[in-house]
Amino acid sequence: MRLDSIARIPLTALPTPLEEAPVLAERIGLRKLLIKRDDCTTLALGGNKVRKLEYLMADVVAKGADVVITCGGPQSNFARLTAAACRKVGIDRCILFLGGPDFEGLKGNLVLDVMFDADIRFMCDATVDEMNSAMQAESDKLAAEGHKPYIIPVGGSSPVGALGYISGMRELASQLEDDDKDAYIFLTVGSAGTLTGTTIGAKLFLPEAQVVGISVSRTAANIREIVGRVAPETTKLLGIDCPIDPNSIRLEDSYYGEKYGVSTEAGNAAALELARTEALLVDPVYTGKAVSGLLDMARRKLIDTDRSVVFMHTGGVPILFAFEHEFRDIAKLTRM
């Protein structure tokens, strides 16, 4: 396997911690709950996308690119971390196409995008396909002007990006005790790149584990289509024969609510429960929705509660500061 020979630019201190969450585990009836703290990556307030960007930025540099272009929602963690990673590797221009509800001012991740001097192109209510078209048009324009643009798909969900979580699963395998290596591995699923890498990595390094993806934006069918497309290209990069059957992945798409970026009552409640039992912070619209899925599945015994559970904390804490209105009504605030 060529994983260690593929170019990678270190952007964070690794490994990230693996912590037990005994209070929450007892509350929801689990024998053991472990949190893989990828929210603790050290680039620009952290998150799982840093692992992807270590490989993506190495590819950017190897190709001699001078402009990086990507897209996402208005509070995209990947956009924030891409802008930061560009600064770390000396690329001065990062263009972010952000689509979502009409612009409501600088808050959360958008503040950080500005601090990293990203060129933000706000596309009100644009779909991913529309943002992809806009990115390609901008890339063509820049190339005609003599630049070397590099497009990174939404969420860094490409074969190169997926390498980050193949490496991440090797790291997790080295941290788990032997009797935890058949754990359920729960993770948030958005653009499905982290899921692709995690699924391949688990098959290679934790073959007895079961990956459980909680969608925050897509149907299970759409996620399987992405994994089915990206996984073979990823294993080809590695030079290995490791076929992945997307239909074998356990996916839950009933927890994301109305759409990506819109909070749910269950996601808000899960964020509060995690904060008030384990002092761990998740946002209400991304990681919080995945936590809500984990809590519900454990309480309803939709998983074997005698089996260990690993929750991949993929970060997203800056989004909390764009959703302060969700928690105003419960604040214990007294004016003196």
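On average over all directions, what projected area in square nanometres does region 62-155 have, based on the convex hull of its Cα atoms? Write out the running numbers ahead of the final one.
Values: hull surface 22.3 nm².
Taking the Cα atoms of region 62-155, their convex hull projects to 5.6 nm² on average.
Region 235-336: percent of C-alpha pairs farther apart than 23 Å?
40 percent
With bins 10 Å wide starting at 0, give me the P(r) of the chain over every alpha carbon pair, in whole percents.
6, 27, 36, 23, 7, 1, 0
Give me D for region 3-49 in µm² s⁻¹, whole number, from Stokes-Einstein with Rh from the Kirkwood sum over alpha-carbon pairs, 20 °C and 1.002 mPa s.
Estimated via Stokes-Einstein, D reaches 169 µm²/s.
How would you rank Thr287, Thr127, Thr198, going from fewest to most other Cβ atoms within 10 Å of each one's own Cβ?
By the 10 Å Cβ count, ascending, the order reads Thr127, Thr198, Thr287.
Once you sort the root eigenvalues of the Cα gyration tensor of region 164-293 as a ≥ b ≥ c, which label holds: rounded (a/c under 1.5), prolate (a/b larger than b/c) or oblate (the other case)?
Values: a/c = 2.42, a/b = 1.39, b/c = 1.74.
Note, shape of region 164-293 comes out oblate.
Quick one: if you stick a label point 7 Å off each Cα along the C-beta vector at Phe327 and Ile240, how many nm between them?
That separation, rounded to one decimal, is 3.9 nm.
Relative contact order for the chain: what percent, with Cα pairs under 8 Å and sequence separation of 6 or more?
Taking the mean separation of contacting Cα pairs over the length of the chain, I get 21 percent.
Starting from the Cα-Cα distance between Arg229 and Asp178, subtract it from 0.36 nm times their residue separation and give me the gain in nm to one decimal.
Extra length available between Arg229 and Asp178 comes to 15.1 nm.
Pick from Ala290, Ala266, Ala62 the residue whose mean-square fluctuation is largest in a GNM of the chain, springs joining Cα atoms under 10 Å.
Residue with maximal mean-square fluctuation among Ala290, Ala266, Ala62: Ala62.
When the chain is treated as a GNM, springs tying every alpha-carbon pair under 10 Å, which of Glu19, Glu233, Glu177 comes out with the largest mean-square fluctuation?
Top of the fluctuation ranking is Glu177.
Given a 10 angstrom Cα cut-off, can you work out which residue in His313, His147, His325 is the most mobile in a GNM of the chain?
His325
Quick test of your reading: applying the under-4.7 Å Cβ rule, which cysteines of the chain are isolated?
So far as the 4.7 Å Cβ criterion goes, Cys40, Cys71, Cys124, Cys242 stand without a partner in the chain.
Would you work out the charge dipole size for region 62-155 about its Cα centre, treating the Cβ of every Lys and Arg as +1 and the Cβ of every Asp and Glu as -1, and quote it to the nearest 20 debye? Before the final figure, lay out each step's value.
Details: 9 positive and 13 negative charges, 91 e Å.
Here region 62-155 has a charge dipole of around 440 debye.
State, in angstrom, two size descriptors of region 153-240 derived from its alpha carbons: Rg to one decimal place and Dmax to the nearest whole number.
Over region 153-240's Cα set, Rg and Dmax evaluate to 12.5, 38 Å.
For every helix of n ≥ 4 consecutive DSSP H residues, a contribution of -39,500 (n - 2.57) applies; sum these over the chain, divide by its total residues, and give [θ] at 222 nm rounded to the nearest 500 deg cm²/dmol.
After summing the helix terms and dividing by residue count, I get -12500 deg cm²/dmol.
Treating only the Cβ atoms of Lys and Arg (+1) and Asp and Glu (-1) as charged, compute the dipole magnitude of the chain about its Cα centre; round to the nearest 20 debye.
260 debye
Can you compute the FRET efficiency between His147 and Glu20 using 1/(1 + (r/R0)^6), with r the Cβ-Cβ distance and R0 = 45 Å? Round to the nearest 0.05.
On the way: r = 49 Å, r/R0 = 1.08.
E(calc), rounded to 0.05, equals 0.40.
Among the trypsin sites (Lys or Arg not before Pro) in region 52-123, which ones are in a DSSP loop with at most 13 other Cβ atoms within 10 Å of the Cβ? Mind listing them?
Hits after loop and neighbour filter: Lys63.
By count of other Cβ within 10 Å, fewest leading, how are Val189, Val89 ordered?
By the 10 Å Cβ count, ascending, the order reads Val89, Val189.
Grab every C-alpha pair in region 20-176, bin the distances at 5 angstrom width from 0 up to the longest one, and report whole percents.
Per 5 Å bin, starting at 0, the Cα pair percentages come out as 2, 9, 16, 19, 18, 13, 9, 6, 4, 2, 1, 0, 0.
Using amide H atoms built 1.01 Å from N in the peptide plane, name the residues 5+ places from Met123, or on other chains, whose amide H lies under 5 Å from its own.
For Met123, whose amide H was placed from the backbone, the distant partners under 5 Å are Leu98, Gly99, Gly100.
Throughout, read-outs are computed from the coordinates displayed, never taken from laboratory work. In this text the structure is predicted, and so the values were computed from the model without any measurement. Heads up, the Cβs are rebuilt from the backbone with ideal geometry, glycines too, and the neighbour counts pull from every protein chain shown.
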